[in-house]
Each structure stands twice: as structure tokens, then as C-alpha cells.
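These notes concern the structure reproduced below.
The values are calculated or read from the model by the stated rules, or taken from the named source; none is laboratory data. Here the structure is a predicted model, which means the values were calculated and not measured. Every residue, glycine as well, gets a Cβ built from its backbone with ideal geometry; the counts of neighbours run over all protein chains shown.
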Amino acid sequence: MPALRARRPLAALALSGLVSVVVTAFTPSVALAVVPAAPVALPSAIEVMPPYQPQTICDPVVKSGTLALGTLLTKTYAGTSVIDYTRPCGSDTSEHYDGRAIDWGVDHRVDKQRAQGKAFLQWLFATDSHGNTYANVRRLGVMYVIWNSKIWGAWDHTWQPYACSGATACHIDHMHLSLDWSGALERTSFWTGVASTPMAPPKIVYRSTSWSEHVQVGSQAAHVTTPFRVKGGLTYRFTVSGTYHYDGTKAHRADAECSTTDGTTWSPVASGQTSDNAVLDLSVNGHHSWHPTAGSGCNTSTHTYTRRITFPSTTVLTFAVNDATHGNDSGALSVTVQRLA
């Protein structure tokens with residue numbers, strides 16, 4: 001999958017090898033006999049394999065299904081704990097940033113915890129009494145698992161080496177589980193008793209002042225719609241930076257507010273236009289008129305602009321480079337959205 005490709009070397013470890021290890025690596029014990037119990041009767045119908053749904057928004061609030069699974073793990077396997085569910089959003093992609101990940105504290109170097117982790121994986125990957133393969137992966141919506149320098153993905157059902165360094169980064173001292181949105185929101189059959197189809201990522205309302213959202217607006221796109229909504233009546237600050245080339249001519253560049261035809265002289269009025277902000281600027285839900293973060297007019301040094309907007313109702317954001325033709329454009333503008341108190 002795109003967000004994980006750099007971390008997944010080509011060599012694969014087959015699932016049958018894992019099962020062999022689980023069965024033979026340690027003497028049967030209480031750890032093997034204990035497995036999680038569903039809170040409801042499970043139907044014969046079952047979910048498809050979970051789709052890969054990478055994190056696209058910043059919303060580091062643990063979701064109900066994520067919390068329920070973490071609680072189930074620590075209740076089932078005595079002495080274990082959840083290290084964390086969420087983290088402050090970073091520049092990479094992680095389901096910890098939107099509340100859909102669990103770091104479960106089973107250390108592969110500790111005999112008892114290694115046995116507990118293997119017992120859980122054997123249960124997670126097992127075929128159920130109805131003949132459903134990978135039954136609990138599907139009923140819980142588990143997209144992937146990382147443990148002991150290996151990653152298992154629902155997209156190919158195999159264990160592969162995980163590029164990393166150190167006990168924590170290599171997930172030796174804990175196991176990582178990431179859930180799809182159905183599992184994270186507790187809407188799968190393990191919790192409801194009714195098989196469901198995978199749900200699309202919800203349009204979460206961004207209202208926190210503790211973090212910001214980031215959007216890339218490609219110049220070739222007719223418009224870019226955010227995977228989150230802003231709350232009606234709240235004020236948000238938008239900061240946009242970057243430049244793009246329009247119409248394929250090297251010297252023709254534009255930023256969020258201004259443009260140039262010679263690469264040197266920038267103006268908020270594009271060539272051939274008679275009104276300010278007519279073309280080649282950035283719009284967000286129809287709003288234009290960006291203000292440079294330094295000075296006035298055009299910001300020819302950092303090409304960074306800002307403005308505040310209060311929306312009358314809760315809505316998604318739609319960004320568009322105001323260009324009549326996009327086919328020969330190149331480059332993108334970067335937008336940061338911050339809720340103001």
C-alpha cells in the first residue's frame with residue numbers, strides 16, 4: 001500500500017510459516033487457551049477483508065472501536081497494557097493520528113508476553129466454525145499488524161520484513177494494530193452481531209484548537225475537497241504557500257494571490273484581466289483575497305498568504321486554483337487550516 005511501501009521489503013514470510021511458529025515455538029500454556037470473547041453472538045455472514053484506508057485527516061481522538069479492542073486485549077491477556085492509541089499529528093501517515101491504531105504492550109523478548117501475542121494472532125487469523133477464513137481480522141476490521149520487525153497486511157495476507165531500527169521502531173517491545181473505519185467506529189459484526197460492508201472515511205468536523213489540518217491543492221485539479229468539515233459559526237485561519245506554473249510557459253507562475261508572466265514582476269491582476277483576483281489565485285468555498293504574511297500586495301519572497309474565514313454552516317472545504325485551463329499546469333499550493341479560539 002502507498003503509505004507503507006517504503007517500509008515493506010520485497011521478501012515475504014508466508015502466513016503458514018507464522019502458524020508453524022505459533023504452534024511449535026513454545027509449550028502450550030494458559031496463554032494459548034485464553035482468547036478474546038465477542039460481546040455478541042456472531043453470525044455466519046462476515047465482512048470482506050478490510051480495505052486499506054490510510055490516515056488523511058488529523059483527529060487524534062481514540063475512536064470507540066479502537067478503545068473497545070484495546071480494552072478487550074488487556075482484559076483477555078493479564079499483565080498487558082495499551083501503550084498508546086493516539087499521537088500528535090506529524091508529517092508522515094499514521095492511524096495513530098486519527099484514533100484508529102493500538103500499540104499493545106506485548107514484548108516479543110519476554111516469554112509470557114510473546115506467548116500472549118502469538119495466541120492472539122493465532123485467534124485473529126483463524127478460520128471460524130462457519131468456514132470464514134481470517135475471521136476475526138474481518139470481524140474487527142484489522143488492516144495490518146506490525147510485530148517483531150514484520151508486518152502483516154490484509155491486502156496480501158502475508159508477513160513481510162519491516163524496515164526499521166531499534167526495539168520500539170521495529171515493534172519488538174509492542175504490537176501495532178491499525179483498523180479500518182468500520183472497525184474503528186465499532187460497526188463490524190464482532191461488536192454488533194451483524195455483518196457490514198466497509199464504510200467510507202467519515203467527514204469528521206474539525207473544531208479543535210489543538211491541531212491543524214493540511215491540504216495540498218494541485219494546480220491540475222479542477223478542485224480539491226477536504227476529507228473533513230469545518231464547523232459553522234467558528235473562525236478558521238488559512239495559511240497558503242507555494243507557487244505553480246500555469247499554461248506550460250516556464251516564466252508563467254502564480255501563487256495564491258498573484259501571478260507573473262516574466263518571472264520577475266508579480267501582480268494580483270493577471271495579464272489580460274481588468275479586475276483583481278479574476279484568475280490565477282486560490283479560492284476556498286468562493287473566498288479569494290489573500291493577504292501576504294509580510295508587507296502588502298504580492299509576497300515575492302516566500303509566497304505565503306493568509307486570511308480568516310467564518311463559515312455560516314458546517315461544510316467541507318473546496319479549494320480551486322482559479323485557472324480556466326489546468327491541463328498544462330504543474331506544481332501545487334500547500335494550505336494549513338487552523339481553528340481559532
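Just the residues that are assigned to a loop (DSSP other than H, G, I, E, B) and either farther than 18 Å from M143 by Cα or not assigned by TED's automatic domain parsing to the domain that holds S178 (or both), please, taken from region 80-91.
T80, S81, R87, P88, C89, G90, S91
Picking from residues in region 325-341 that are in contact with a strand residue (DSSP E or B) (Cβ under 6 Å, 6 or more places away or on another chain) and hydrophobic (A, V, I, L, M, F, W, C), the one that is surrounded by the fewest Cβ atoms within 10 Å (Cβ to Cβ) is L340. Considering each residue of region 30-63, count those that are within 30 Å of V110 (Cα to Cα) and more than 14 Å from the chain's Cα centre (by Cα), and give that number. The qualifying residues number 10. Every listed requirement among (1) among the polar types (S, T, N, Q); (2) in contact (Cβ under 8 Å) with a residue 12 or more places away in the chain; (3) assigned to a loop (DSSP other than H, G, I, E, B) is met by T168 save one, (2). Evaluated against (1) in a loop (DSSP other than H, G, I, E, B); (2) surrounded by 15 or more Cβ atoms within 10 Å (Cβ to Cβ); (3) on the phi < 0 side of the Ramachandran plot, T249 falls short on exactly one condition, (2).
This table checks each residue for (1) outside any loop (DSSP other than H, G, I, E, B); (2) touching a His at 6+ places or on another chain (Cβ under 8 Å); (3) within 15 Å of L179 (Cβ to Cβ); (4) not assigned by TED's automatic domain parsing to the domain that holds W211.
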residue: P51; (1), (2), (3), (4): no, no, yes, yes
residue: V62; (1), (2), (3), (4): no, no, yes, yes
residue: T71; (1), (2), (3), (4): yes, no, yes, yes
residue: A78; (1), (2), (3), (4): no, no, no, yes
residue: I102; (1), (2), (3), (4): yes, yes, yes, yes
residue: K112; (1), (2), (3), (4): yes, no, no, yes
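Whether a residue is modelled with pLDDT of 90 or more, crowded, with 18+ Cβ neighbours inside 10 Å and over 24 Å from S91 (Cβ atoms) was assessed, and P292 passes this test.
Within region 122-137, identify whether any single residue is within 18 Å of the chain's Cα centre (by Cα) and surrounded by 20 or more Cβ atoms within 10 Å (Cβ to Cβ), and answer yes or no. No, every residue in region 122-137 fails to be within 18 Å of the chain's Cα centre (by Cα) and surrounded by 20 or more Cβ atoms within 10 Å (Cβ to Cβ).
If you filter region 60-77 down to residues that are within 20 Å of V35 (Cβ to Cβ) and among the β-branched types (V, I, T), you find that the one that is surrounded by the fewest Cβ atoms within 10 Å (Cβ to Cβ) is T71. Residues that are modelled with pLDDT of 95 or more, farther than 30 Å from S64 by Cα and surrounded by fewer than 18 Cβ atoms within 10 Å (Cβ to Cβ) do not occur anywhere in region 253-275. The single condition among (1) at pLDDT 95 or above; (2) part of a loop (DSSP other than H, G, I, E, B) that A341 does not satisfy is (1). Restricting attention to region 178-219, the residues that are part of a loop (DSSP other than H, G, I, E, B) and hydroxyl-bearing (S, T, Y) add up to 7. Identify all residues within region 308-324 that are surrounded by fewer than 18 Cβ atoms within 10 Å (Cβ to Cβ) and in a strand (DSSP E or B); write none if there are none. Of everything in region 308-324, those that are surrounded by fewer than 18 Cβ atoms within 10 Å (Cβ to Cβ) and in a strand (DSSP E or B) turn out to be R308, I309, T310, T315, V316, T318. If you go through region 197-219 and keep only what is farther than 23 Å from L340 by Cα, surrounded by 15 or more Cβ atoms within 10 Å (Cβ to Cβ) and in contact (Cβ under 8 Å) with a residue 40 or more places away in the chain, you end up with P198, P201, G218, S219.
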